[in-house]
Amino acid sequence: MNFEKAYRRTARRKPAGAKQLDDDRRTYVAPFARNLPLRAKFSSRHAHLPTLSPPNMWNNSAHFPRWSPLLLLIVLAAGVACTPARKVPPYDNGGPGRWIPLESTPLPDAALKPSIASPNLTPAEHAAKASPSATTLTTIPERPKHILALSGGGMYGAFAAGIINGWTKSQTRPEFDIVTGISTGALIGILAFLGPEYDGQMERFYTTIQRRDVYTFRSWATVPFRDSVASTAPLREIVQVAITDDVVKALAERHKKGRRLYIGTTNLDTRRFVTWDIGAIACGPDPKAAREIIGKVLIASCSLPGVFSPQPIDVEVNGKTYTELHIDGGVIAPIFLPPSVFDAAMPDPGKPIQLQPPANLYVIQAAKSYPEGGPVESKILQVLGASAATVLMAQYRREVSNLYHMSRIAGVIFHMTALSAEFPTPNNGLEFDRKEMNKLYEEGFRVGSGSTGPTWWHSPPERGAGETDPVRVGTKFKVE
């Protein structure tokens, strides 16, 4: 999975400051011409063409009559009306009418055991209740020992990449039986799942890229007709080059050994979380089709709604082809682990507990657990910005806490690490500033390369000193 090769390829095609074609090959963007006057954006060979400076253009009533807003609304409505219809599949809600996968791969016999969701059922009762596609029985053939869950976080993924590489240097990094990833964690997850031999590519990817290697902003004039303000064409090209036939083969080999790689997306039509078994997809009969699907899933998992376009993914149901729209799985859960993993990690009641060491869950959160506090002016943008950061961090804490309690129920040892509250970071995880990403990577490497491996916490946020939410009985206080 040669991220370095892919990065160099895109760098040659799209040099800094050069005009670039976006994904529809119609709109040109000039990254470093954003703040230049309109006249300066024209080359010398276009000097004979008439130009208007922005102030005169917008203030001149000859160019924009009073009915211009109405005309603009009509044009926008026409643009929406001309959008081709998408064939939406019947909803898969997990109940009556649920979808049964047609693809399957030969796996070792899985032991029947109670589900963590239905612990009172006997194995026979659980088998009778389960559907033919029940992941509790078929997806994970062996009891996992080491489970890795990677969160989303944009450029903060450099911190998680540093931890993984530092962990390797400490010579205490285990082979992961199960890896899950969301957004940037999906990109890291594939490399971590494949093994330490891919650490170099992980480091280069998270310490050498810049924003233009991940996405480009669309022309402001086309945004009203689009589904996002930016194009991920650069990242899509990197992923297409990086997911080779050899990578698909390696993923399939590890899957057949009983290891699992899961990536999460959000289905816009059903508003539900979708877990993709990447190894099972890699085991398909057509490597080219597997490459295409894996690439689309990776892009979908990174598609922050509004900023990046939803990723269309074609599915076949009862012989008919439909198109789904998928976006960042972090919309629902910034970090996840399928319940079937906890089921598989539970001790076998038919064997002595002393002969079944507990599984380990390692949670790497590429973000802080709490937003940085500060005064907020009573203005709409500042209020919305502070509120969005608060919601996102609360979502991280809620999901990590959920994993902690599920681990206790299943007898799994919980390990967690996250970016320190004291570590200075930019406010925007979509900046992809190379200098800041190198700082994040170095911090992660420091945390991960201890003599005994990464520094872990064994309880979720809100359990540490100063993290408990205060209970107030009035409005008068004193500082201790």
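The values are calculated or read from the model by the stated rules, or taken from the named source; none is laboratory data. Because the structure is predicted, anything quoted here is derived from the model rather than measured. Note that each Cβ is placed from the backbone with ideal geometry, even for glycine, and that neighbours are counted across all protein chains shown. Please note that ligands, DNA and RNA were not included when accessible areas were found on the heavy atoms of the full protein model with its side chains. Shrake-Rupley method; radii C 1.70, N 1.55, O 1.52, S 1.80 Å.
I238 meets all of the listed conditions (1) in a loop (DSSP other than H, G, I, E, B); (2) open to solvent by less than 50 Å² (accessible area, probe 1.4 Å) but one, namely (1).
For the stretch 293-309, the tally of residues that are modelled with pLDDT under 95 and open to solvent by 30 Å² or more (accessible area, probe 1.4 Å) stands at 4. Filter the stretch 318-345 down to residues that are touching a strand residue (DSSP E or B) at 6+ places or on another chain (Cβ under 9 Å) and in a loop (DSSP other than H, G, I, E, B) and give me whichever is farthest from A394 (Cα to Cα). Restricting to residues being touching a strand residue (DSSP E or B) at 6+ places or on another chain (Cβ under 9 Å) and in a loop (DSSP other than H, G, I, E, B), the top hit is P338. Being at pLDDT 95 or above and among the β-branched types (V, I, T) holds for only one residue in I140, I182, and it is I182. Only residues that are closer than 18 Å to G373 by Cβ and in a helix (DSSP H, G or I) were counted in the stretch 396-442, giving 2. Cβ separations smaller than 8 Å between residues 6+ apart or across chains give the following pairs from the stretch 294-311 residues that are within 13 Å of S231 (Cβ to Cβ) to residues that are assigned to a helix (DSSP H, G or I) and charged (D, E, K, R): I299/R236; Q311/K296. When every residue of the stretch 407-419 is checked against the conditions, at least one turns out to be among the hydroxyl-bearing types (S, T, Y), under 20 Å from the mean Cα position of the chain (by Cα), open to solvent by less than 80 Å² (accessible area, probe 1.4 Å) and within 13 Å of V363 (Cβ to Cβ). Just one of the numbered conditions (1) more than 20 Å from L403 (Cβ to Cβ); (2) surrounded by 13 or more Cβ atoms within 10 Å (Cβ to Cβ) is not true of V473: (2).
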